[in-house]
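*Asks:* Let me give you the structure first, and then I'll get to my questions.
What follows is calculated from the coordinates using simple rules that are stated; it is not laboratory data. These numbers were taken from a predicted model, which means no experiment stands behind them. Note that each Cβ is placed from the backbone with ideal geometry, even for glycine, and that neighbours are counted across all protein chains shown.
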Amino acid sequence: MKKLILALASVVAFSGSALAADLAAKPYVKAPPPVAPVYNWTGFYIFGGAGGGVWDANTFDRATGVGTALSIGQRQGGDGWFGTVGAGYDWQFNNSWVVGVFGDGQFGSLRGTIQDPLAQITGTIKDQDNYAAGVRVGYLVAPNVLSYINGGYTGSHWSGTTELTLAGFPTAIHTNSFNLNGVFFGGGVENSLDIFGIHFPGLFMKTEYRGSWYNSKNINELTPINGFVGTDIAFKPFVNTVETSLVYRFNWTGPAINHY
């Protein structure tokens with residue numbers, strides 16, 4: 001028994017010495033801090049969504065071919081819904097800034113009224129299609145959240161009208177559809193999309209406001225055989241829209257990791 005106790009004591013003493021030597025040879029190394037993900041906004045993207053809008057227009061009657069005002073000015077307007085699709089390319093620089101170019105189209109019906117106060121007739125007119133090409137400049141308020149402003153060139157297509165009396169009876173007068181061009185300015189926020197805590201690489205959501213100023217148009221009032229009545233309706237619209245879209249970024253494969 002005495003020999004067994006001495007043997008166990010020797011083993012314990014040897015193990016303690018080996019452990020102490022091992023700890024002395026391998027000092028404690030602190031684990032490196034977690035690294036932050038790096039987001040890259042440079043690349044192509046596409047988007048699609050929907051929104052709503054309102055428009056108003058300054059209008060008055062004027063003589064065809066002469067331009068003389070025949071009535072006081074009025075303010076007409078309308079509203080409605082639309083779908084939108086588009087594409088663009090962004091460049092990220094200085095870590096926090098993003099500059100890009102884009103183009104898009106809106107397809108729907110912002111419906112309102114247009115009136116001839118001199119003849120006391122009215123019609124329904126619609127802003128049916130819009131397109132835009134422009135640039136945007138944004139700042140990354142967070143690595144995956146972009147706040148931006150944009151602006152550029154825009155075009156629109158407006159429907160023709162069948163004019164009615166103010167009591168709702170048809171007349172023999174109509175107007176043809178037409179196009180208007182102008183400029184737009186706006187802004188919005190775009191962020192990477194997480195649903196129930198699940199991150200979807202490349203999928204973003206953006207919400208954007210846009211104000212569009214269009215050129216003036218003299219809308220000819222016409223008889224059934226497109227004969228001129230002799231009166232035009234001057235029409236200069238301003239369109240406000242708000243839209244929300246899903247965005248897919250082709251170069252986005254998830255956050256890249258810095259290696260120190």
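*Asks:* Suppose R0 equals 30 Å. What FRET efficiency, 1/(1 + (r/R0)^6) with r the Cβ-Cβ distance, do Arg111 and Phe228 give to the nearest 0.05?
*Replies:* Computed FRET efficiency for Arg111 and Phe228 comes out at 0.70.
*Asks:* Same structure, new question: So what J values fall out for region 131-145 if you push phi through Karplus, 6.51 cos²θ - 1.76 cosθ + 1.60 with θ = phi - 60°, rounded to Hz, Gly and Pro as x?
*Replies:* 9, 8, 9, x, 10, 9, 10, x, 10, 7, 6, 8, x, 10, 10
*Asks:* With θ set to phi - 60° and the Karplus curve 6.51 cos²θ - 1.76 cosθ + 1.60, what are the ³J(HN,Hα) couplings of region 220-232 in order, to the nearest whole Hz, using x for Gly and Pro?
*Replies:* The phi angles translate into 6, 8, 10, 7, x, 9, 6, x, 6, 6, x, 10, 10 Hz.
*Asks:* Once label points are set 7 Å from the Cα along Cα→Cβ at both Phe238 and Thr68, what is their separation, rounded to one decimal in nm?
*Replies:* Modelled inter-label distance: 3.1 nm.
*Asks:* Which values, in whole Å and largest first, are the semi-axes of the equivalent ellipsoid of region 48-254 obtained as the square root of 5 times each eigenvalue of the Cα gyration tensor?
*Replies:* 42, 16, 13
*Asks:* Something else now. So which aspartates and glutamates pass the test for Lys206, namely a Cα distance under 18 Å, with those fewer than 8 places away in the same chain ruled out?
*Replies:* Asp90, Asp104, Glu190, Asp194, Glu243
*Asks:* Calculate the FRET efficiency for Val141 and Leu118 from the Cβ-Cβ distance with a Förster distance of 51 Å, rounded to the nearest 0.05.
*Replies:* According to the calculation, E is roughly 0.45.
*Asks:* Report the extension gain between Asn94 and Asn218 in nm, rounded to one decimal, defined as 0.36 nm multiplied by the number of residues separating them, less their alpha carbon distance.
*Replies:* Stretched out fully, the Asn94 to Asn218 stretch lengthens by 39.8 nm.
*Asks:* Post the alpha-carbon centroid distance, region 56-135 to region 136-167, in whole angstrom.
*Replies:* A separation of 8 Å, based on Cα centres.
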